[in-house]
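Q: Quick one: the structure is below, and I'll ask about it shortly.
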Amino acid sequence: MNNAPGVDADYTSVSAAVSAASAGDTLYVEGSNTSYGSITLSKRLIIVGPGYFLTVNDSTQALKQPAQVTNIYFNSGSDGSVLYGMHITSRIDINVDSVSIYRNRVNSNYSGNVIDIQSSLRDIVIAQNWLHSTYTSNRLIWISDNCSGIFFANNWISQDQNSEFGLNYSCSSNSYMAIEDQYSNSEVTYLNNV
């Protein structure tokens, strides 16, 4: 899919591509100077963008624009979905089990929880992402009650003007998060995150 004017693509909007896709399909999102808006998933899909910081290694990229979206919502039916190589400017809302988020750039200006993992979910992977929030009063990651199997590793994390630490994180009661095979429900150790 590509929403750039004059480009011949199967789809120019995320909503049309998601509607036409069958559960288990892979959607390739090309870089563009125009945001694709929000993505709402209600079926298992694999979404692949071109990556981020494409101008840094410009000799390896044919197109240097990221595939930018505002929000991504993983709703009922989207269990097992995977997100790669996108640039998210607001938030990711996870409402189902078994979601994997790899190698994305989240550069959020959202004033709430940037990555919001709802209650009683399991088997969520957030790895190899570049995560940044411009707000200091929000939580970069919120994990609600009774979650398990949350794996968070090898991410680059920062938050503007936060003097204490780069990750404003909260894990509710009875939730467990694995970070390099260590489990905790009150004190969290972050390994291999920068």
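Q: Quick one: residue 133 ticks every box in (1) more than 22 Å from residue 30 (Cβ to Cβ); (2) open to solvent by 20 Å² or more (accessible area, probe 1.4 Å); (3) at pLDDT below 85 bar one, so which box is it?
A: Going through the list (1) more than 22 Å from residue 30 (Cβ to Cβ); (2) open to solvent by 20 Å² or more (accessible area, probe 1.4 Å); (3) at pLDDT below 85, residue 133 breaks only (2).
Q: Does the stretch 140-156 contain at least one residue that is under 15 Å from the mean Cα position of the chain (by Cα), closer than 13 Å to residue 90 by Cα, buried (at least 16 other Cβ atoms within 10 Å of the Cβ) and free of Cβ contacts under 8 Å to residues at least 60 places away in the same chain?
A: Looking for residues that are under 15 Å from the mean Cα position of the chain (by Cα), closer than 13 Å to residue 90 by Cα, buried (at least 16 other Cβ atoms within 10 Å of the Cβ) and free of Cβ contacts under 8 Å to residues at least 60 places away in the same chain, one finds at least one in the stretch 140-156, hence yes.
Q: Could you grab me the full set of residues in the stretch 8-45 that are of a type in the set (Val, Ile, Thr) and either in contact (Cβ under 8 Å) with a residue 24 or more places away in the chain or open to solvent by 70 Å² or more (accessible area, probe 1.4 Å) (or both)? Can you show your working first?
A: Going residue by residue through the stretch 8-45, those that are of a type in the set (Val, Ile, Thr) are 12, 14, 18, 26, 29, 34, 39-40.
Within the stretch 8-45, 12, 14, 18, 29, 34, 39, 40 qualify.
Q: Turning to a different aspect of this structure: Under the condition of being of a type in the set (Gly, Ala, Ser) and open to solvent by 40 Å² or more (accessible area, probe 1.4 Å), which residue from the stretch 46-71 is nearest to the chain's Cα centre (by Cα)? Walk me through how you get there before you give the answer.
A: Here is the first cut: in the stretch 46-71, the ones of a type in the set (Gly, Ala, Ser) are 49, 51, 59, 62, 67.
Filter once more, keeping what is open to solvent by 40 Å² or more (accessible area, probe 1.4 Å): 59, 62.
Numbers: 59: 26, 62: 24 Å.
Checked the stretch 46-71; the qualifying residue nearest to the chain's Cα centre (by Cα) is 62.
Q: Could you tell me which numbered condition residue 53 fails, if it satisfies all but one of (1) within 20 Å of residue 155 (Cβ to Cβ); (2) modelled with pLDDT of 95 or more?
A: Of the numbered conditions (1) within 20 Å of residue 155 (Cβ to Cβ); (2) modelled with pLDDT of 95 or more, the odd one out for residue 53 is (2).
Q: Residue 108 fails exactly one of the following numbered conditions: (1) within 12 Å of the chain's Cα centre (by Cα); (2) free of Cβ contacts under 8 Å to residues at least 24 places away in the same chain. What is the number of that condition?
A: Checking residue 108 against (1) within 12 Å of the chain's Cα centre (by Cα); (2) free of Cβ contacts under 8 Å to residues at least 24 places away in the same chain, the one that fails is (2).
The values are calculated or read from the model by the stated rules, or taken from the named source; none is laboratory data. Note that the structure is a prediction, hence the values are computed from the model and not measured. Cβ atoms come from the backbone with ideal geometry, glycine included; neighbour counts cover every protein chain shown. Quick note on the areas: whole protein, heavy atoms, side chains included, nothing else; ligands and nucleic acids left out. Shrake-Rupley method; radii C 1.70, N 1.55, O 1.52, S 1.80 Å.
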